[in-house]
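Just below is one structure, and these are the notes that go with it.
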Amino acid sequence: MMRSTFFAASVIGTVLSGIAPSAHAEGGSPTATSREASHQRTTAMKISIRVQDKVITATLTDNATSRDFVSLLPMSLTLEDYAATEKVSDLPRKLSTEGAPAGSTPTVGDIAYYAPWGNLAIFYKDFTSKH
């Protein structure tokens, strides 16, 4: 199954109870972890994600999906493991996918929106499609 991602993020710091993203620690330079982020040079949006007593910063690519997601903040989500690759949660409503690519291949630290299910995904392992 191809995971369609519509916003990408660089996650800074330690993510979700032992999940280690491929970005620099707080105070370092963020590293773009998706092909879309490296190809798209636009204004980025920063958000904070709190997991228990840890706060991480994510930089969202500035697009319609990210702006729609940010309009829902603040919110609390319960994350569940999916396929030993990502933490996922349903969002309160579907997000805009205007101008979004048909899909991508997320890597560790990416935050994505999977439009068919309407959920948020935070990747702690690289995604590989099994055709």
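General remarks:
- Considering residues of region 95-119 that are assigned to a loop (DSSP other than H, G, I, E, B), of a type outside the set (F, W, Y) and without any contact (Cβ under 8 Å) to a residue 40 or more places away in the chain only, the residue least open to solvent (accessible area, probe 1.4 Å): G118
- The set of residues in region 66-94 that are loosely packed, with under 10 Cβ neighbours inside 10 Å and among the hydrophobic types (A, V, I, L, M, F, W, C) comprises L73, A84.
Table: residues versus (1) modelled with pLDDT of 90 or more; (2) charged (D, E, K, R).
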{"position": "S38", "(1), (2)": "no, no"}
{"position": "V51", "(1), (2)": "no, no"}
{"position": "T61", "(1), (2)": "no, no"}
{"position": "A64", "(1), (2)": "yes, no"}
{"position": "V70", "(1), (2)": "yes, no"}
{"position": "T78", "(1), (2)": "yes, no"}
{"position": "A84", "(1), (2)": "yes, no"}
{"position": "D90", "(1), (2)": "yes, yes"}
{"position": "W117", "(1), (2)": "yes, no"}
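The values are calculated or read from the model by the stated rules, or taken from the named source; none is laboratory data. Quick caveat, the model's predicted, so the values are computed rather than measured. As a convention, Cβ positions derive from the backbone with ideal geometry for all residues, glycine included, and neighbour counts pool all protein chains shown. Calculation scope for accessible area: heavy atoms of the full protein, side chains included, ligands and nucleic acids excluded. Shrake-Rupley method; radii C 1.70, N 1.55, O 1.52, S 1.80 Å.
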